[in-house]
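Below: the structure, in structure tokens.
Derivation of every value follows stated rules applied to the coordinates shown; laboratory data play no part. Remember, predicted model here, so these are calculated numbers, not experimental data. Note that we place each Cβ from the backbone using ideal geometry, even for glycine, and neighbour counts take in every protein chain shown.
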Ligand SMILES: Nc1ncnc2c1ncn2[C@@H]1O[C@H](COP(=O)(O)OP(=O)(O)OP(=O)(O)O)[C@@H](O)[C@H]1O
């Protein structure tokens, strides 16, 4: 069972005081190689909630996340993150980003990995106690206390993913961007991780943007951005999506919206002939 420790509250603006969205995109366009991967999309990510980014493989979820955290080239349009343009140096310590490929050192233990990243985040002799506390809390948050002294290289894929998540939780970020964090995890761990995500949003007032291509995870989000082929099909709550499409599940709602988009594209093609 995942342990949810009571970490420190976030620094900065208290939860729900700042009503501006955590992320605001207008006309966001991204080219990768010769392809336009995101096509002039508009969306917002509200603060203090979990927004799910869902869509089929290759639709542009990772590209959108990389744009938000400032690691993507050839980004045009407006993209504001926590009140700054994406990639602004001020955002470095305020965003936690976990990529699909776990970024951990295999020849270090779980604790050594976290000590290393904690030393970068909170340098100096005076902060040693704080670092120790942050590392212990992050390891506990992701339920790796019993593996704290195991080499990362000897962990399973899911456990290595959780080390990456623990690194992202070290600095108690205001915005957590998690690229498919539950891939390859068993149902119990998936449930525990989602409980952790909800706890981070509720207790720390953090904003979470979580991608997945597993539609049942959509039901666990406060809001959803449904993507297809570099475009946003819907930006709404799971309830509103089900109601507006007269569907029983978010998956059925998504399929309904895809059918509508395909039909609209066919009509447009017909009229421009
Ligand atoms: N380095 C790259 N150079 C050129 N094109 C790329 C590169 N990386 C991704 N792409 C293309 O950009 C598109 C979007 O990729 P992206 O990784 O954002 O999709 P995704 O929705 O995250 O997919 P998945 O769920 O499989 O991770 C894909 O069509 C992919 O082929």
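With both labels modelled 7 Å from their Cα along Cα-to-Cβ, the residue 92 to residue 24 distance reads 2.6 nm.
Can you tell me the alpha carbon radius of gyration of segment 90-232 divided by the globular rule-of-thumb value 2.2 N^0.38 Å?
Expressed relative to 2.2 N^0.38 Å, the Cα Rg reads 1.05.
Grab the beta carbon distance between residue 119 and residue 264, set R0 = 35 Å, and tell me the FRET efficiency rounded to 0.05. FRET efficiency, residue 119 to residue 264: 0.10.
For the chain, the average shadow cast by the Cα convex hull is 15.9 nm², which is a quarter of the hull's surface. Scaling the Cα radius of gyration of segment 17-84 by the globular reference 2.2 N^0.38 Å produces a ratio of 1.11. Using Cα atoms only, what is the angle between the long axis of helix 110-121 and the major principal axis of the chain, expressed in degrees (0 to 90) to the nearest 10? Compared with the principal axis, the helix lies near 80 degrees.
Taking a label point 7 Å from the Cα of residue 239 along the Cα→Cβ vector, which residues of segment 19-60 have an amide N closer than 14 Å to it? Flagged as within label range: none. Altogether, the Stokes-Einstein calculation at 37 °C and 0.692 mPa s, with the Kirkwood radius of segment 73-164 over Cα pairs as Rh, returns a diffusion coefficient of 221 µm²/s.
Which value at 222 nm does the chain reach when only helices count, each DSSP H run of 4 or more adding -39,500 (n - 2.57), with the total divided by all residues and rounded to the nearest 500 deg cm²/dmol?
Helix-only estimate at 222 nm: -11000 deg cm²/dmol.
Just to verify a number: FRET efficiency for residue 112 and residue 57, C-beta to C-beta distance, R0 = 45 Å, to 0.05? According to the calculation, E is roughly 0.85.
With the convex hull of its Cα atoms as the shape, segment 24-179 has an orientation-averaged projected area of 10.3 nm². Taking the longest Cα principal axis of the chain as reference, the axis of helix 250-271 is set at about 40 degrees. Each peptide in 84-94, 38-48 gets a packing score, the mean of other Cβ atoms within 10 Å over its residues, and the list from highest to lowest is 38-48, 84-94.
Rg of the Cα atoms in segment 145-210, relative to 2.2 N^0.38 Å, amounts to 1.13. Between the beta carbons of residue 101 and residue 246, assuming R0 = 35 Å, the FRET efficiency works out to 0.35 to the nearest 0.05.
Remark: relative contact order (the chain) = 27 percent; criterion is Cα-Cα distance under 8 angstrom and separation of 6 or more residues.
For the chain, the longest principal axis of the C-alpha atoms and the axis of helix 187-204 are separated by about 80°.
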